[in-house]
Amino acid sequence: MMTPTDGLDLRAPFPWFGGKSRMASMVWQRFGTVNNYVEPFAGSLAVLLGRPNVDLDRLPMETVNDKDCFVANFWRALAANPEEVWHWADWPVNEADLHARHIWLVNRQDFRDRMNGDPDYYDAKVAGWWVWGISAWIGSTWCSGDGPWNSLDGRITNIKESGDAGQGVHRQLPHLGDAGKGVHRQLPHLGDAGPLTDLARRLRRVRVCCGDWSRILGPSPTTKMGLTAVLLDPPYSDELRKVVYAVDSYDVAHDVFDWAITHGDDPLLRIALCGYEGKHDMPSTWECVAWKTQGGYGGQGDGQGKLNAHRERVWFSPHCLGSQSSKFELSPT
């Protein structure tokens with residue numbers, strides 16, 4: 001049996017707001033050994049990649065989904081062709097290129113149509129440029145199409161000044177620190193495609209869907225496969241968190257909560273629902289686990305993001321495995 005720590009660097013090669021890597025082990029303690037795993041909000045796939053005791057020669061059934069075409073495309077392309085993804089991602093951080101590639105990616109309507117209509121389609125160039133850019137971009141709005149700017153025929157137009165720290169394209173400076181982020185962690189030399197190849201091996205049987213979250217929560221992809229673990233980590237219905245997602249889904253958290261409550265008593269389902277303290281009035285049969293994030297957007301500054309780092313909760317449905325503590329504390333890494 002091979003675990004994610006046995007010589008493999010199984011983590012997303014890009015920064016992601018709200019990633020759950022630090023509590024993945026706690027989630028799998030509650031899920032235990034299951035026939036099937038479903039994750040409707042893929043993001044950085046932190047929990048899937050943190051799954052213990054995975055035999056790469058006998059990979060389990062796993063289905064993930066993300067409405068953001070760029071996220072879904074990256075995981076599809078990585079699983080299919082990690083070398084080509086790396087070819088397009090291996091580029092020095094350059095502000096002019098960052099803006100130009102951002103415009104090019106935002107304007108790819110043909111790509112969005114293909115991603116939504118073809119479950120096997122992927123574009124390695126889009127994946128490489130997207131992961132290169134999100135690792136260099138500061139803050140939110142990468143490939144969201146939002147911001148005080150417009151484009152015409154691939155050119156930036158209508159720039160609106162918004163102060164030194166504004167979100168306009170000419171104000172959006174890249175990350176240039178020595179440590180870098182994501183694929184740029186080893187600036188200025190980016191290394192090689194080795195970690196991406198390891199990820200591709202892990203993901204080669206993962207089904208990556210692109211669309212509405214509810215599409216992969218029907219009986220066919222869940223309980224008809226046997227005992228199923230479901231991780232629900234929707235964009236939280238919170239002003240700070242909703243603005244950093246490329247896909248507008250402000251009301252999704254409430255709909256996900258309803259689905260979780262409706263299906264929580266199914267003995268074939270082990271459900272983990274992520275959210276902020278006080279956002280969900282869960283039944284007493286669900287276990288609530290508090291945990292604290294470290295770093296990322298949630299840990300920056302002294303404002304709401306810092307406070308929200310202490311508000312993270314995970315609720316586990318009644319058929320999840322028991323725990324010895326209702327508090328899950330993590331030491332800084």
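A quick yes/no check of all residues on (1) closer than 30 Å to MET225 by Cβ; (2) not aromatic (Phe, Trp, Tyr):
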site: CYS69; (1), (2): yes, yes
site: ALA72; (1), (2): yes, yes
site: TRP91; (1), (2): no, no
site: ILE103; (1), (2): no, yes
site: VAL106; (1), (2): no, yes
site: ARG112; (1), (2): yes, yes
site: ASP120; (1), (2): yes, yes
Quiz item: Could you say which residue among PRO60, PRO52, PRO40 is of a type outside the set (Lys, Arg), surrounded by 23 or more Cβ atoms within 10 Å (Cβ to Cβ), in the same structural domain as GLY218 (by TED's automatic domain parsing) and within 17 Å of THR228 (Cα to Cα)?
Solution: PRO40
Practice problem: State the number of residues belonging to segment 116-130 that are buried (at least 17 other Cβ atoms within 10 Å of the Cβ) and modelled with pLDDT under 95. | Solution: 0
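State whether one or more residues within segment 120-129 are of a type in the set (Lys, Arg), in the same structural domain as LYS292 (by TED's automatic domain parsing) and not in a strand (DSSP E or B). Quick ask: steps written out before the conclusion?
The first filter runs over segment 120-129 and keeps only residues of a type in the set (Lys, Arg), leaving 125.
Narrowing further to those that are in the same structural domain as LYS292 (by TED's automatic domain parsing): none.
Within segment 120-129, none of the residues are of a type in the set (Lys, Arg), in the same structural domain as LYS292 (by TED's automatic domain parsing) and not in a strand (DSSP E or B).
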Quiz item: Name the residues in segment 6-25 that are assigned to a helix (DSSP H, G or I) and crowded, with 21+ Cβ neighbours inside 10 Å, would you?
Solution: ARG22, MET23
Quiz item: Does segment 62-114 hold any residues that are among the charged types (D, E, K, R) and in a loop (DSSP other than H, G, I, E, B), and which are they?
Solution: ASP66, LYS67, ASP68, ASP90, ARG108
Quiz item: Filtering segment 131-155 down to residues that are within 22 Å of ALA12 (Cβ to Cβ) and of a type in the set (A, V, I, L, M, F, W, C), which residue is modelled with the lowest pLDDT?
Solution: ILE138
Practice problem: Pick out, from segment 217-314, the helices (runs of 4 or more DSSP H) lying fully within it that include 1 or more residues that are at pLDDT 85 or above and under 18 Å from the mean Cα position of the chain (by Cα). | Solution: 252-263
Quiz item: Is there any pair linking a residue in segment 121-144 that is within 18 Å of CYS210 (Cα to Cα) to one that is of a type in the set (Gly, Ala, Ser) and outside any helix (DSSP H, G or I), with Cβ under 6 Å and at least six apart or on different chains, and which?
Solution: CYS143/ALA246; SER144/ALA246
Quiz item: Looking at (1) surrounded by fewer than 21 Cβ atoms within 10 Å (Cβ to Cβ); (2) modelled with pLDDT of 50 or more; (3) closer than 21 Å to LEU45 by Cβ, which is the one condition that is false for TRP213?
Solution: (1)
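The values are calculated or read from the model by the stated rules, or taken from the named source; none is laboratory data. Bear in mind that the values here come from a model prediction, so they are computed numbers and not experimental data. Here Cβ is always computed from backbone atoms with ideal geometry, including for glycine, and neighbour counts include all displayed protein chains.
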